[in-house]
1. Among A:I158, A:I65, A:I131, whose mean-square fluctuation peaks in a Gaussian network model of chain A (Cα, cutoff 10 Å)?
2. Across peptide A:196-204, how many C-beta atoms of other chains are within 10 Å of each residue C-beta, on average?
3. Where is the GNM fluctuation largest for chain B (alpha-carbon springs, 10 angstrom cutoff): B:V107, B:V231, B:V311?
4. Looking at the P(r) of the stretch A:2-291, how many percent of alpha-carbon pairs lie beyond 36 Å?
5. With r as the distance between the Cβ atoms of A:W264 and A:S289 and R0 = 45 Å, compute the FRET efficiency 1/(1 + (r/R0)^6) and round to 0.05.
6. According to a simple spin-label model (label point 7 Å from Cα along Cα-to-Cβ), what is the distance in nm between B:Q93 and B:E325?
7. What distance in nm lies between label points placed 7 Å from Cα along the C-beta direction at B:Q18 and A:L154?
8. From largest to smallest, what semi-axes in whole angstrom does the stretch B:7-105 give when each is the square root of 5 times an eigenvalue of its alpha carbon gyration tensor?
Amino acid sequence: MSVVADDLVRIAIVDKTRGYWSTVFRRLSRDPVSVTCATIILAIALAAILADWLGLASPYTGSMIRRLRWIGTPGYPLGTDELGRDMVARLVYGGRLSLFLGLSPVVLAFLIGTTLGVTAGYLGGFVNQAIMRVVDVFYAFPSVLLAIAISGALGAGIINSIVSLTIVFIPPVVRVAESVTTGVRTLDFVDAARASGAGPITIMRVHVLGNVLGPIFVYATSLISVCMILASGLSFLGLGTKPPEPEWGLMLNTLRTAIYVNPWVAALPGAMIFIVSICFNLLSDGMRSAMDVRS
Amino acid sequence: MSAADVLAPAADVGGPQQPLLEVRALSKHFPVRGGMLGRAGVVRAVDDVSFSVDKGEVLGIVGESGCGKSTTARLVIGLIQPDAGSILLDGEQLGASLSLRDLRRRVQMVFQDSYASLNPRLTVEASIAFGPAVHGVSAADARARAHDLLRKVGLDPATFADRYPHELSGGQRQRVNIARALALAPRLVLLDEAVSALDKSIEAQVLNLLIDLKDDLGLTYVFISHDLNVVRFISDRVIVMYLGEVVESGPVDALWSDARHPYTRALLAAMPSLDPDNRTREAPIAGDPPNPINPPSGCRFHTRCAFAEAVCGEKSPSLFATGNERHTAACHMVDPASGHSKAGQSSHRGLEHV
């Protein structure tokens, strides 16, 4: 009977909650800053995904005779790097790994952290204490140090940096998820739902998740920029991607030696990291205000 | 249980003589953490509380903040578990012949904070339809039920069904909360400060709505409030609570004309009056309520009572009959055998100057 009832609740509720998300999207699309940021991110992401069809030079083949060309050199609009590889191709192809390394740990941390945090917040008591104290242990380390330590222990590599960054971002997500859920759980409408005879799983899905996922999601999007910078940092230290793979953090590292010869080209990967992170941050800000439907 | 049964009004059980709700010796103590060793003591939020509610009556529960009114309501509907005591609905004991799920279908609650008690993500219609849907009513029937109830509480479904709580005024939200509480066709509705947060004109409208609904649907109310004027208006009987205990209970007229417990008299004296000649010049009782972690010995009111004597600090009074019908008070002055110097005197002599 409870399974049937759950389905019915979902049918009765789903059309209504869809209305909320379309409202949020409509409000977001009216905010010029958010639209600009979303466009920039989409453009960079699409370029990275479709890089093979854009007719770019190979990001791997270099030439010793045309190393470190300046920005604006004919044929090399953004110059060449220390091995004479085309910077446009390197930056576009680099977006693949950089965006992947920036997004995937946050997505994983969002899934794991939300599960843990909502469980801790909803159940409270001993479960809450157990989860939150373990999380506190991880929280005690500075995030950069923790990422370096875990990456260092696991060894260099893309998968290992994703694992280490996921571990770094789970604790803050758990904290936010736990505090939001604790706040919602004590509201009267959860008591009212319990008083109507609903089981904990129905209450969790219909009344708790709908009210906590938004704030956690917004918080997670604000972590993307930090994650991109940390991922670049790991690559920069030689703990993430390995040469000759194009990745913005790694490119920043290898171009570091050329900073006195051609500072503008050396700064380009950093500029990409900066632009993408700030776009994600502004987008998450816009999302937060769009989700506050009350205002 | 078929879906149709959920929405049908529950049949009467046991005839008019059997109380709808009986609460026997209910206690709830909350442990308080603090101090070096972790446990500072317990708050006796509800201590040995017994009362009954007859079919079709409105029982008022009054008392100052923290006296255990809301805890009592939450215990009755099973939102918190009692440490001791039993709850009987229609003569069936909760936990024995009555399951919590069945109790929650027959008893519903309206909360004070009209905004916090509605899910901000759900439309009014979805909030009301949630209860029936949980009990297996089809989505279409639950929706129809929600529209029907919106009409009953005076909100046009065409205008209000698809609105979100933040798009409603406080009075409209509380009407939605009432509709939500009625969605499962309960027999008893606990109104926990249900009109306290509304302004006076809206409060009167909602009170009238509650009275109309009670007559139409044959409901029984437990009406919890700190506003004595409202309690007097709506209640048939009243119980007065102080620090987790019932200190006096009786029909509303007897209580207002012949209150026996000094605390009840102080509460009544503290009521604001519109008559300038009848102004309250000084506070009828001084000070804050004592710390419920270590309540005073004997009668819990003796620290603030003008008539306290040695016996009051030693012996805890139980509820004695005052001589009025169904009127009892937990005061040594009511019990002729208590040893209090004013014991057994009629209230009009002993307590004249309060």
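1. Ranking A:I158, A:I65, A:I131 by mean-square fluctuation puts A:I65 first.
2. For this peptide, the per-residue mean of nearby foreign Cβ atoms is 5.
3. The residue that fluctuates most here is B:V311.
4. Looking at the stretch A:2-291, the distances longer than 36 Å represent 29 percent of pairs.
5. It comes to 0.80.
6. My value for the distance between the label points is 3.1 nm.
7. Going by the 7 Å Cα→Cβ label model, 6.5 nm.
8. 30, 15, 11
We did not get these values from a lab; they are worked out from the coordinates using the rules stated. Keep in mind that what you see is a predicted model, and the values were worked out from it rather than measured. Here the Cβ is made from the backbone with ideal geometry for all residues, glycine too, and neighbour counts use every protein chain on show.
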